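The values are calculated or read from the model by the stated rules, or taken from the named source; none is laboratory data. Everything quoted here is computed from the prediction, not taken from an experiment. No Cβ is skipped: glycine too gets one built from the backbone with ideal geometry, and neighbour counts run over all protein chains shown. Calculation scope for accessible area: heavy atoms of the full protein, side chains included, ligands and nucleic acids excluded. Shrake-Rupley method; radii C 1.70, N 1.55, O 1.52, S 1.80 Å.
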Amino acid sequence: MKGHEVQAVQAVEAGSSIESAERILVLDTIHGGSILVEELRLLGKDAFGLNPYRTTSPPAHDFDLVISPVHLSPALREAVLRELRSEPKVISHHDAVREIIQAASLLEGVRAVEITGTTAKTTVCELLCQMLRGKSVLSLTSAGTRFSDGKKEVSLTRLSITPASILKALRLASENGLDAEFAVFEVSLGLTGIGSVGVLTSLSEDYAIAGGTSSASNAKKESLRNFEGILVIPSSCDVSAPAARAVNIVSKDLYLRGDIAFFRLNALKHTEAHSSESIEGRIRIHLSCDCAFYRKCAEFALAAALSLGVPPEELNTSLHAVPGRLSVVEWRRRVLVDNSNSGTKLQFLDEALALAESIAENKEKRRREKVLIVGEEARYVCEGIDFDELRKIVEEKHAEFTKIIVVSDNFSGAFPHNVIVSKSLQEALEEAVKSTGEGAIIVSMVKTWR
């Protein structure tokens, strides 16, 4: 062992690793590595990509630098490093994105927000974009890549939220002549350090990464080491951010009471991008989907917007649910509580059921048919659901529903009479309609790429 395993997850030395390197090896061309190779070549670097899931034999060159994602198994990384003739430094994809953006001045004049966390990232991003409505905003989230300036909205190529996608989104905006004043980036497994404001939504619902040797929460906490902007974190997270300019704590420095948000925050000065000031006050928020999940997400989004230095009176505060994120819609003469998305977690089932119950109470008093669709479309997601947990939910909840439809290719076994297995979300939705009458409530909780 050459010690690269430790080096890859520790703080990067002062200065740019990329700037001083001539020949660079980028690991994992599947999850953003190919984008990094393209950008490094634009900077004049001799860059090569390698997919370590297929081969651990790199090109026969001496490399000055290796760029490896935080999610990669140390065993795979070390297998590649053992094949090298030199002992290069190792940095993460997150660090590489920050250094490339700085070297190429890709965010000059733009106030960027990075949002990471184990849950609620997409919803916070989308609510923040709603709050910035009317301003020129480039956004990259699991819900899509878009530009909006109040006059037009342009949908760009859909991208994953791997850190390198930030570079792709910025290039797409430039190629299409789209000048953004603000940028909102959803980032997996931590902050890159490019943002004026960084948001950590949560560390709960943790999961293993790097071949089971680390966790998503550890990667996110470690990423804070290079974040120099204003950091927004929940009061429940015990994290340190020594490089941060200032820290705003959601539920302490900003909190919702009824429909009024009270705040005392650190914010960027409107005229000075690298300095902050204290602001305080209150602002009224209207949520079309007023539940605990959305209230918490609105707190994060509002804290981020105010941290950017946007005056409260310039924010749009009439917020609507994000499609596929605990949204409630009339669909084919039925009510659909839709929480099927790439980040769906079974922990949100109770919240979805509470929404369904409130609909039943607010509408007709008669008993309404209810269908639960739950599971995963495995071909669309990297991180699946816990099938033991899913089986337990099916057993506990089957009496509450007219029918339960489990979406899965490999979920099998004996079930109560009202439980069936479907191959896809679309097939399950069709079955839910076919087996219910008008006015029925369908709760959709499938992990899938949308």
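Before moving on, here are some points about what is shown:
- Unmet requirement for SER57, which otherwise passes all of (1) open to solvent by less than 10 Å² (accessible area, probe 1.4 Å); (2) over 19 Å from GLY32 (Cβ atoms); (3) part of a loop (DSSP other than H, G, I, E, B); (4) not β-branched (Val, Ile, Thr): (1)
- Residues located in region 135-148, provided they are outside any strand (DSSP E or B) and at pLDDT 95 or above: LYS135, SER136
- Residues of region 382-430 classified as assigned to a helix (DSSP H, G or I), open to solvent by less than 70 Å² (accessible area, probe 1.4 Å) and modelled with pLDDT of 85 or more, total: 3
- Within region 65-123, tally of residues that are touching a residue at least 60 places away in the same chain (Cβ under 8 Å), part of a helix (DSSP H, G or I) and buried (at least 18 other Cβ atoms within 10 Å of the Cβ): 15
- Qualifying residue in region 202-211 (condition: farther than 16 Å from GLY343 by Cβ and either in contact with a Leu (Cβ under 9 Å, 6 or more places away or on another chain) or at pLDDT 95 or above (or both)): yes
- Within region 193-211, the set of residues being under 24 Å from ILE385 (Cβ atoms) and either open to solvent by less than 20 Å² (accessible area, probe 1.4 Å) or touching a residue at least 60 places away in the same chain (Cβ under 8 Å) (or both) comprises LEU200, THR201, SER202, LEU203, SER204, GLU205, ASP206, TYR207, ILE209, ALA210, GLY211.
- Within region 324-340, the set of residues being within 17 Å of GLY375 (Cβ to Cβ) and either among the hydrophobic types (A, V, I, L, M, F, W, C) or open to solvent by 60 Å² or more (accessible area, probe 1.4 Å) (or both) comprises LEU336, VAL337.
- Check on ASP238, touching a residue at least 60 places away in the same chain (Cβ under 8 Å) and open to solvent by 20 Å² or more (accessible area, probe 1.4 Å): no
- Among residues of region 273-292, those that are crowded, with 16+ Cβ neighbours inside 10 Å, at pLDDT 90 or above and touching an Asp or Glu at 6+ places or on another chain (Cβ under 8 Å), counted: 2
- Strands (runs of 3 or more DSSP E) wholly inside region 206-304 that include at least 3 residues being not aliphatic (A, V, I, L, M): 260-268, 276-284
- Among the candidates LYS151, LYS220, residue that is under 30 Å from GLU277 (Cα atoms) and among the charged types (D, E, K, R): LYS220
- For region 293-313, filtering for residues that are touching a Leu at 6+ places or on another chain (Cβ under 9 Å) and open to solvent by 30 Å² or more (accessible area, probe 1.4 Å) leaves 3.
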